[in-house]
1. Probe of 1.4 angstrom, ligands and nucleic acids ignored: what's the accessible area per residue over the chain, in square angstrom?
2. How would region 7-98 be classified by its alpha-carbon gyration tensor: rounded, prolate or oblate, with rounded meaning a/c under 1.5 and the a/b versus b/c comparison settling the rest?
3. Can you compute the FRET efficiency between residue 301 and residue 88 using 1/(1 + (r/R0)^6), with r the Cβ-Cβ distance and R0 = 22 Å? Round to the nearest 0.05.
4. What are the ³J(HN,Hα) values, in whole Hz, obtained from phi via the Karplus relation 6.51 cos²θ - 1.76 cosθ + 1.60 with θ = phi - 60°, for each residue of region 133-150 in sequence order, with x given for Gly and Pro?
5. Give me, ordered by chain and number, the residues 5 or more places off residue 150 or on other chains with an amide H under 5 Å from its own placed amide H.
6. Quick check: the distance between the Cα centres of region 258-336 and region 123-138, to the nearest angstrom?
7. As an exercise, find the ratio Rg/Rh for region 189-281 from alpha-carbon atoms, using the Kirkwood inverse-distance average for Rh.
8. So how strong a dipole does the chain carry about its Cα centre when Lys and Arg Cβ are +1 and Asp and Glu Cβ are -1, to the nearest 20 debye?
Amino acid sequence: MDLNYSSEDLAFRDQVRAFLAANLPADLQQKVRKHLRLSREDYVRWHKIVAKQGWVAPAWPVEYGGPGWNATQRHIWEEECAIAGTPAILPFGINMVAPVIMAFGNAEQKAYYLPRILSCEDWWCQGYSEPGSGSDLASLKTTAERVGDHYIVNGQKTWTTLGQHADMIFCLVRTDSTVRKQEGISFLLIDMKTPGITVRPIIMLDEDHEVNEVFFDNVKVPVANLIGKENKGWTYAKYLLGHERTGIAAVGRSKRELQFLKKVALKQLKRGKPLLDDPLFAAKVANLEIELMALETTVLRTICQEDQTPGPQASMLKVRGSEIQQILTELMIEALGPDALPFDTRYLEGKSEHAVTGDDDNAPLAAYYFNFRKTSIYGGSNEIQKNIITQMILGL
Ligand SMILES: Cc1cc2nc3c(=O)[nH]c(=O)nc-3n(C[C@H](O)[C@H](O)[C@H](O)COP(=O)(O)OP(=O)(O)OC[C@H]3O[C@@H](n4cnc5c(N)ncnc54)[C@H](O)[C@@H]3O)c2cc1C
């Protein structure tokens, strides 16, 4: 197995780098690199720039507007974006609901929704989790009762990422409660402007409004918004979760953050010398860098082995990738010590040009640390990923 890039891959990487150098707006890049908060407009602006280039949906088939890249090219694109510091292309439309619509939607649904996802005309959010139904998702209780040519939806979703901006939500709903729990679930597309929907913020540890509760009170949804067959939603939900990509390891972003950590640790002084030269701290950084290199090799191995989806190996990438992301933020806080304490929301939200503490690099790092506690929970908690590894990879 040759894990080195071919000359074609390297030429492709140059092309990507040239595109990013010419098209990534400096203000967006600064926000991302400095760990500041992004607005809806920031995400949409970057999405539209990449969509204009035809690269916004790397894994889509060409017939729907994908660029026709192979797995290595998709990996290079993700890596280069992360290293450059682009805003994320949010996964809910492009990587989550779109593959389900392509595989199980009807011709009208494909013709209507896919171009709108590509152009970011619709901002999507994911309505899977409910209070009491996260890891045990199949126990979900939100009901959809068929009345004529509509469903009447009642219940609650939770942890809905960026749902406050969303035009559409894809939901798992219970359409039959008399059968085995997996067999009574359907997959519905719901317009967030429908009367009866209430979105309430959940404020995270870093005081950011990133997730929400979404309540459904007699919400009328046309039957035309059902994907595939009634009560087959669990199959579609599993298909969606199986579409996790190798990008879940976030190696590119961690590489960028490692450089940032080194920059911070060079500026911090311990007994008059840069902290990065302190043997104990330097060893922790070196250890992390080795772990990151090992993870990158695992990602490349996965890409070489399978051209499509990594299957249960994605669980390994998720666990290790999220652990490394969290250790990075822990070392940033360790490097700063008491300097991490001030919490400057105005600077984080771009309302003031500089941090009150006087150090723009350091000011957002405590919020960043708190925010990244989420990585071992979302996308299926790490304990659940470890269950998958033991059962599906180790065969225990
Ligand atoms: C920041 C963030 C964003 C999110 N965004 C979305 C979103 O947009 N849409 C959406 O639908 N959901 C979203 N989620 C929800 C996420 O998928 C769930 O939080 C996750 O699946 C865990 O479910 P839970 O929170 O209900 O915890 P629980 O399932 O109650 O688990 C609690 C603890 O028990 C452990 N545990 C549970 N079962 C087992 C088991 N069988 N074996 C071992 N350990 C177990 C878990 O690992 C966890 O530590 C988001 C979550 C977060 C934190």
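1. Value returned for the chain: 47 Å² of accessible area per residue.
2. oblate
3. Efficiency at R0 = 22 Å is approximately 0.35.
4. 10, x, 4, 8, 4, 5, 7, 4, 10, 4, 9, 10, 9, 6, 10, x, 9, 10
5. The list, which skips near neighbours in sequence, is 223.
6. 30
7. Details: Rg = 23.4 Å, Rh = 18.8 Å.
Rg divided by Rh gives 1.25.
8. Details: 44 positive and 49 negative charges, 37 e Å.
Roughly 180 debye for the chain.
The values are calculated or read from the model by the stated rules, or taken from the named source; none is laboratory data. All of these numbers come straight from a predicted model, not from anything done at the bench. Cβ coordinates were reconstructed from backbone atoms using ideal geometry, including for glycine residues, and neighbour counts include every protein chain displayed. Each accessible area value is taken on the protein alone, full model and side chains, heavy atoms only, with ligands, DNA and RNA left out. Shrake-Rupley method; radii C 1.70, N 1.55, O 1.52, S 1.80 Å.
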